[in-house]
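Peer 1: The structure is given below, and queries will be raised subsequently.
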Amino acid sequence: MSEKPCSAQVRAGRLAKAKQFLAAADLIEPFEADDIADAYVTMCVHAGIAAADVICCARLGRHHQGDNHVEAVGLLKKAGDSDAAKRLNVLLGLKSKAGYTHLPSSAADVKRAGRAAKELVEAAERA
């Protein structure tokens, strides 16, 4: 697992990015047409990843860094937040479809991604 220590500056920066990605998703959300659903889901995924980093920073003093974001799910569990781990897992499950395949994100994907991202960012704000 690739982990990196967190400072207060890192934690604040990752929280700012989580909020920024969620704000971008919120701008896209009213236009949930099939042609931009993937962009919405991708912004939600990025918001969730950044929020997970904040939670881990707050509770463990370190966060996941690297391409294998699934390891971040395990780190969230170590941080004692199984709900956040489940939400991040949902987002990571949608990541490949939204960003790397020819398949469009469905309305159900959009709903699940939005809910998971919002809940993760709220948890990060409380952390």
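Peer 1: Looking for whichever is assigned to a helix (DSSP H, G or I) and either surrounded by fewer than 20 Cβ atoms within 10 Å (Cβ to Cβ) or more than 11 Å from the chain's Cα centre (by Cα) (or both) here; the options are ALA50, ALA16. Which one fits?
Peer 2: On the way: ALA50 fails: either surrounded by fewer than 20 Cβ atoms within 10 Å (Cβ to Cβ) or more than 11 Å from the chain's Cα centre (by Cα) (or both).
Residue meeting the stated conditions: ALA16.
Peer 1: Among the residues of region 62-72, are any of a type in the set (Lys, Arg) and in a helix (DSSP H, G or I)?
Peer 2: No - not one qualifying residue is present in region 62-72.
Peer 1: I'd like to check something: does region 91-107 contain any residue that is touching a strand residue (DSSP E or B) at 6+ places or on another chain (Cβ under 7 Å) and of a type in the set (Lys, Arg)?
Peer 2: no
Peer 1: Also, quick follow-up: Being among the aliphatic types (A, V, I, L, M), modelled with pLDDT of 90 or more and assigned to a helix (DSSP H, G or I) is true for just one of ALA98, ALA116. Which residue is that?
Peer 2: ALA116
Peer 1: Separate question: Kindly evaluate ALA84 against the criterion of being small (Gly, Ala, Ser), crowded, with 23+ Cβ neighbours inside 10 Å, in contact with a Phe, Trp or Tyr (Cβ under 6 Å, 6 or more places away or on another chain) and at negative phi.
Peer 2: Criteria not met by ALA84.
Peer 1: Right, here's the next one. Name the residue that is nearest to VAL110 (Cα to Cα), counting only residues in region 13-38 that are hydrophobic (A, V, I, L, M, F, W, C) and at pLDDT 90 or above.
Peer 2: In the first step, residues of region 13-38 are kept if they are hydrophobic (A, V, I, L, M, F, W, C); the result is 15-16, 18, 21-25, 27-28, 31, 33, 36-37.
From the residues that got through so far, the ones that are at pLDDT 90 or above too are 15-16, 18, 21-25.
Numbers: LEU15: 22, ALA16: 22, ALA18: 17, PHE21: 15, LEU22: 13, ALA23: 15, ALA24: 14, ALA25: 10 Å.
So the residue we want is ALA25.
Peer 1: A follow-up question, please. Does ALA127 qualify as being within 11 Å of ALA52 (Cα to Cα) and modelled with pLDDT of 90 or more?
Peer 2: Considered against the rule, which asks whether it is within 11 Å of ALA52 (Cα to Cα) and modelled with pLDDT of 90 or more, ALA127 comes out as no.
Peer 1: Since VAL45 meets every condition but one in (1) surrounded by 18 or more Cβ atoms within 10 Å (Cβ to Cβ); (2) of a type in the set (Val, Ile, Thr); (3) in contact with a strand residue (DSSP E or B) (Cβ under 8 Å, 6 or more places away or on another chain), which condition does it not meet?
Peer 2: The one condition VAL45 does not meet is (3).
Peer 1: Could you list, in sequence order, all residues of region 110-122 that are over 14 Å from ASN89 (Cβ atoms) and buried (at least 20 other Cβ atoms within 10 Å of the Cβ)?
Peer 2: VAL110, GLY114, VAL121
Peer 1: A further question on this structure: So ASN68 clears everything in (1) at pLDDT below 90; (2) surrounded by 19 or more Cβ atoms within 10 Å (Cβ to Cβ) except one condition, right? Which one?
Peer 2: Of the numbered conditions (1) at pLDDT below 90; (2) surrounded by 19 or more Cβ atoms within 10 Å (Cβ to Cβ), the odd one out for ASN68 is (2).
Peer 1: State all residues of region 77-96 that are basic (Lys, Arg) and over 20 Å from ARG59 (Cβ atoms); if no residue qualifies, say none.
Peer 2: Residue satisfying the conditions is LYS95 alone.
The values are calculated or read from the model by the stated rules, or taken from the named source; none is laboratory data. Since we're looking at a predicted model, the values are computed, not measured. Don't worry about glycine lacking a Cβ; one is built from the backbone with ideal geometry, like all the others, and counts go over all protein chains shown.
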